[in-house]
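The values are calculated or read from the model by the stated rules, or taken from the named source; none is laboratory data. Since this is a predicted model, take the numbers as computed values, not measurements. Because the Cβ atoms are built from the backbone with ideal geometry, glycine has one as well, and the counts that use them run over all protein chains shown. Side chains are part of the model used for accessible areas, which takes the heavy atoms of the whole protein and leaves out ligands, DNA and RNA. Shrake-Rupley method; radii C 1.70, N 1.55, O 1.52, S 1.80 Å.
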Amino acid sequence: MLRYQTVPVTPFQQNCSIVWCDATKKAAIIDPGGDLDRLLAAIDKLGVSLEQIWLTHAHIDHAGGTGELARKLALPIVGPHPGDQFWIDGLAQQSRMFGFPPAEPFVPTRWLADGDSVTLGEETLSVRHCPGHTPGHVVFHSASAQRAFVGDVLFAGSIGRTDFPQGNHQQLIDSITQRLWPMGDATVFIPGHGPESSFGRERRSNPYVKNT
């Protein structure tokens with residue numbers, strides 16, 4: 001069984017998720033944007049073995065702690081899609097712009113593409129490329145757990161911003177309707193900020209994608 005715990009980090013209250021295979025206790029961390037001491041304490045308390053870093057996209061509040069964490073624990077960095085290379089290259093500038101601690105540079109160990117999968121112990125999650133918020137944004141989906149970690153593509157009652165460089169509103173809507181909705185109305189998603197919701201609830205009530 002796939003299990004997870006979400007820990008809001010940084011002044012932006014970004015939902016960093018610790019995910020693990022219950023059978024093996026092997027864990028990954030999704031979007032370690034910062035506050036690494038708090039994240040490592042949470043991992044220690046859970047008693048799981050952190051083996052990978054997964055990135056949905058490379059905005060500072062999602063990726064700011066990645067380089068330091070990878071260096072300290074010798075962890076592979078998986079994701080995002082190569083479309084976010086320019087955001088990774090600009091992390092130092094992003095950290096200055098938003099008043100974050102300096103972000104260490106990094107190179108992903110493995111880039112992700114639509115249709116890829118990632119494995120954690122006995123659990124496998126599928127990867128969907130969902131551009132619009134950023135060009136290289138990806139989403140991690142566990143069909144068995146009916147959970148999706150969607151970063152800043154979709155929120156409870158809202159959608160991701162598209163006014164950043166290379167953002168695209170129509171691409172974002174297409175990503176939601178063509179790549180998230182087929183995962184099923186019952187699928188619960190963990191957004192990059194704010195509370196969880198389900199795809200069915202958002203299809204019914206989210207003003208940006210209602211009745212799509």
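A few comments on the model shown:
- Neighbour net charge for GLY167 - beta-carbon separation under 14 angstrom, K R +1, D E -1: -3
- When peptides 113-124, 23-34 are sorted by average Cβ neighbour count within 10 Å, with the highest value leading, the order is 23-34, 113-124.
- Within the chain, helix-based [θ] at 222 nm, where runs of 4 or more DSSP H residues each add -39,500 (n - 2.57), nearest 500: -6000 deg cm²/dmol
- Using a probe of 1.4 angstrom and keeping all protein chains present, the accessible surface of the chain works out to 43 square angstrom per residue.
- Reachable lysines from LYS26, criterion Cα separation under 21 angstrom, eight or more residues apart if same chain: LYS45, LYS72
- Cα gyration tensor, the range 85-129 - rounded (a/c under 1.5), prolate or oblate: prolate
- Other residues within the sphere of radius under 10 Å centred on the Cβ of GLU123, judged by their own Cβ, net out at 0 (K and R +1, D and E -1).
- For the set SER175, SER205, the ranking by accessible area, highest first and with no ligand, DNA or RNA atoms included, is SER205, SER175 under a 1.4 Å probe.
- Dipole axis of the range 66-212 (+1 Lys, Arg; -1 Asp, Glu on Cβ), positive-most option in HIS141, VAL209, GLY167: VAL209
- Heavy-atom accessible area with a 1.4 Å probe sorts ARG110, ARG128, ARG38, largest first, into ARG38, ARG110, ARG128.
- Within the accessible area of the range 111-212 (1.4 Å probe), percent carbon and sulfur: 45
- The trypsin sites (Lys or Arg not before Pro) of the range 152-212 meeting both criteria, a DSSP state outside H, G, I, E and B (loop) and at most 16 other C-beta atoms within 10 angstrom of the site's C-beta, are ARG161, LYS210.
- Gain on full stretching of the segment that runs from GLN166 to ASN211 - 0.36 nm per residue minus C-alpha separation: 13.5 nm
- Residues whose placed amide H lies under 5 Å from that of SER197, excluding near-sequence neighbours: PHE189
- Computed from point charges on the beta carbon alone (+1 for Lys and Arg, -1 for Asp and Glu), the dipole magnitude for the chain about its Cα centre is near 320 Debye.
- The antiparallel fraction among DSSP beta bridges confined to the chain stands at about 70%.
- Counted over the range 1-49, the DSSP beta bridges are approximately 90% antiparallel.
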